[in-house]
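The structure appears below as structure tokens.
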Amino acid sequence: MKQKYFLRTALIIFINFSTYGQDDFETWPLSFDTSDSGISISQESSIVYQGKYSASVQVNTSTQGNTDWRKNINLTSGVTYTVSFKIYHTEGNVKARVYAGEYRNYSDKGSTGSWQTLTYDFTPTSTDTYDIGLRFYDQTGFDGSEVVYVDDFKVSVNWTGSSSSDWASVNNWNGGSLPSSIDNIFIPSGLSNYPTATSAVTVNSVIMESGTSLIAGSTFTGSVTYNRNIPTTQWYLISSPVGGQDIDAFVASEGLDSGTENNVGLSDYNNATPAWTYYQNGASGTGNFTSGDGRAIKLASQGDISFTGTIISSDVTVAMTSNSNGFNLVGNPYPSYVAGNENADGTNNILTINSANLTENTLWFWNQSTDSYNQINQASAAFQIAPAQGFFVSVTGSVNLSITEAMQSHQGTDSFQRLTTRPEIELSLSNGTATRNADIYYLEGTTTGWDNGYDSSIFGGVANEFAIYTHSVSNGSGRNLGIQSLPPNNYENMIIPVGINAEAGTPITIDAATNNFPTVINIYLEDKQDNSFTLLEADSNFSFTPENNLDGIGRFYLHTTSGVLSANDFATNNNISIYTSSKDNLRITGVQKGTAAVRLYNILGKEVLNTSFVGSGVNDIKVNDIPIGIYIVKLTTENGTLNRKIIIQY
């Protein structure tokens, strides 16, 4: 997802949480009903807990009865509300105290120079309007004036998930009572159970921390704010997990980076160009995020982003196009996890449900830490797509992507790291600053050819200037594979073409890591150009500096064998691949030198092509005058003759 012309500036814009709680102090003037004369309140922008602003409270009197700061809030009888403030003491000679019906808990005045949480659980005895707020108390050493900063004021009914995921169970709510239609709900992170509402729900609002989830099995009335943590200032793929979030309002409040000209750090992928299209500074009337549509985002400063709207409680259909390359940027439309592949959910998952509309059963996820895309397919470990996560798919035409309610789930912290017992090889390519990977899985039921859903191409929506990949052992279609699945037997006879894209003059290293791989099988990298075999193991790799740009396959091959390979093993045709790279072109890879003869026969045995070439690693032969159909290719080299079946089609 390289976007070279987009530059980060030094402008730091913080993130707005205007719907986060009872008051986050982003909108001034404030709506407090009581502000005594012994305190003065002002907007603060340098010391904040979150967002752009906090409140600076200057205590100017030692008369405690003249330092109240409160607002009137409607609360429901019998419901337990968590009243919460973030407090920042500067000198430690003043205490803050919660007021909820009466005066309650104190802050720790000795904790200066950092934020602390001051809370109290309040259960009203009647449905009424209550004063909720703070009082400030002078302590020994108070000199008549001291500043206390306040941020993130919430009065909420807190989900605990103590017994289950059932929204309707009182045991899952703080205080043991269900929220009412006027209440604000808070769902914190780090819990074992997250809520599923199977019947209709009406609340005033729901605030969800990053990584939490909520499933609505019926009508869910009330605004929902989902916060997603963005831990760096690099690019991420996102999708709105709620409906109705206005894009212009989102851009105005989320502290996006600024780039060249009027570009802002929110972009969409246009597969007609293909290119990234950037939101323009000052744009208006853009409309709402489309459910299931993905975007790329880059913040000026790391932190949370916030989506506010209504929860989607139905299946989502995303319209897609193939245009120039078939890649579409989509995303999870729910504030819950969605199954990506069969290992996550055997039936209700993105790949299985949409298989007929995809060019291949692969999902591509941007990995900001490696500056590249990861492939996920049916051979991958269970993959749950998190709320607000965007990803790419490749489609066959103007078709729809279905993301259904049945795909939703809640996930714990360990849900993504499931152990596997299959043999695996991970090839790594490094140039000292960047690393790229290609995976080889050994699975029952797979073949040495193209296995849709178990083989995956590297992402092709952008140029891959630095990459490592493999090609199918046999009968492939020329795809550059980030994942290749092979049968878990016959290791000795499967030679894997390895492709590399790299610039000349830059030292590169190729490593191999294994998991559950047979200890008696060695892994060798063959270099046709240097006539060498290198054993890839824990303490050895293959390092070199290419004299020319590398772009494709034909030079390197991976061998898995129980024996020891040497120069005597080069006289073989086993690592030659023959396939149609397009309807007009026959590609032969692996013939490094010498003259080779090619004959093409139709299914009746009639010769339709007779030509020759000098081997150069990758050789192309034009077949544009040959009709569509099934043909046998007879290739004769210095090392012998081999036959392959190909299909020419439009």
Given labels modelled 7 Å from the Cα in the Cβ direction, how far is it in nm from Ala356 to Lys645?
-> 2.7 nm
In a shell of Cβ-Cβ distance under 15 Å around Gly505, excluding Gly505 itself, what net charge do Lys and Arg (+1) and Asp and Glu (-1) give?
-> -4
Order the peptides 109-116, 33-40, 551-558 from the highest to the lowest mean number of other Cβ atoms within 10 Å of their residues.
-> 551-558, 33-40, 109-116
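To the nearest 20 debye, what is the magnitude of the charge dipole of the chain about its Cα centre, counting +1 on the Cβ of each Lys and Arg and -1 on the Cβ of each Asp and Glu?
1400 debye
So what is the relative contact order of segment 419-570, in percent, for Cα pairs below 8 Å that sit 6 or more residues apart? It would help to have the intermediate numbers written out before the result.
Working: 365 pairs, mean separation 39.0, N = 152.
So the answer I get is 26 percent.
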Once phi is turned into θ = phi - 60°, what whole-Hz ³J(HN,Hα) does the Karplus curve with 6.51, -1.76 and 1.60 give for every residue of segment 522-531, x standing for Gly and Pro?
-> 8, 10, 10, 9, 9, 10, 5, 6, 8, 6
If you rank Tyr226, Tyr149 by fewest surrounding Cβ atoms within 10 Å, what's the result?
-> Tyr149, Tyr226
Using unit Cβ charges (K, R positive; D, E negative) and no other charged atoms, how large, in debye to the nearest 20, is the dipole of segment 573-650 about its Cα centre?
-> 140 debye
PRE reach from Thr277 (point 7 Å along Cα→Cβ): which of segment 314-349 fall under 18 Å by backbone N?
-> 318-331
State, to one decimal in nm, how far the label point of Ser402 lies from the label point of Leu30, with both points 7 Å from Cα in the Cβ direction.
-> 5.2 nm
Sum -39500 (n - 2.57) across every DSSP H segment of at least 4 residues in the chain, then divide by the residue count to get the 222 nm mean residue ellipticity, nearest 500.
-> -500 deg cm²/dmol
Taking H as built 1.01 Å from N, whose amide H comes closer than 5 Å to the amide H of Glu146, not counting residues under 5 places away?
-> Val59
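Subtract the Cα-Cα distance of Asn585 and Glu102 from 0.36 nm times their separation in residues, and report this length gain in nm to one decimal. Mind dumping the intermediate values first?
Numbers: separation 483, 0.36 × 483 = 173.88 nm, distance 8.25 nm.
Here the answer is 165.6 nm.
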Run the numbers on segment 277-382 and let me know its relative contact order in percent, using alpha-carbon pairs under 8 Å that are six or more apart.
-> 20 percent
Cα→Cβ-extended label distance, 7 Å offset, between Val170 and Glu492, nm = 7.3 nm
Karplus ³J(HN,Hα) for segment 542-549 (6.51 cos²θ - 1.76 cosθ + 1.60, θ = phi - 60°; Hz, whole; x = Gly/Pro) runs 10, 10, 6, 10, x, 7, 10, 4
Near the amide H of Asn288, under 5 Å away, which other amide H atoms are found, from residues 5 or more places off or on another chain, if H is placed in the peptide plane?
-> Ile247
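Could you tell me which trypsin sites (Lys or Arg not before Pro) in segment 575-623 are loop residues by DSSP with no more than 10 other beta carbons within 10 angstrom of their beta carbon?
Details: sites: Lys583, Arg587, Lys593, Arg599, Lys606, Lys622; in loops: Lys583, Lys593, Lys606.
For trypsin sites (Lys or Arg not before Pro) across segment 575-623 that sit outside H, G, I, E and B with at most 10 neighbouring Cβ atoms in 10 Å, the list reads Lys606.
If we count every other residue with Cβ under 11 angstrom of Ser31's Cβ, Lys/Arg +1 and Asp/Glu -1, where does the sum land?
Working: positive: Lys71; negative: Asp23, Asp33.
Value of the local net charge: -1.
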Roughly speaking, what is the centre-to-centre gap between segment 503-536 and segment 352-381 when only Cα atoms are used, to the nearest Å?
-> 26 Å
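Could you sort the peptides 163-175, 359-371 by per-residue average Cβ neighbour count (10 Å cutoff), highest mean leading? Don't skip to the end; give the middle numbers.
Values: 163-175: 16.7, 359-371: 18.8.
With the highest mean Cβ count within 10 Å placed first, the list reads 359-371, 163-175.
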Collect residues whose amide H, placed 1.01 Å from N in the peptide plane, falls under 5 Å from the amide H of Thr123; neighbours closer than 5 in sequence don't count.
-> Tyr81
For Thr347 and Ser37 in the same chain, what is the full-extension length gain: residue separation times 0.36 nm, less their Cα-Cα distance, in nm?
-> 105.2 nm
Can you give the relative contact order of the chain as a percent, counting alpha carbon pairs under 8 Å and 6+ residues apart?
-> 8 percent
Test item: Cα-centred dipole of segment 419-570, Lys/Arg +1 and Asp/Glu -1 on Cβ, debye | 220 debye
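So, counting K/R as plus one and D/E as minus one, what does the shell of residues with Cβ under 13 Å around Val201 add up to?
-2
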Qualifying GluC sites (Glu not before Pro) for segment 26-107 [loop in DSSP, other Cβ within 10 Å: at most 10] | Glu102
Figure the gain on full extension for Asp530 and Ala249 (residue separation times 0.36 nm, minus the Cα-Cα span) and round it to one decimal in nm.
-> 95.3 nm
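Bear in mind these aren't lab numbers, they're just calculated from the coordinates by the rules spelled out. Since we're looking at a predicted model, the values are computed, not measured. Neighbour counts run over all protein chains shown; Cβ positions are idealised from the backbone, glycine included.
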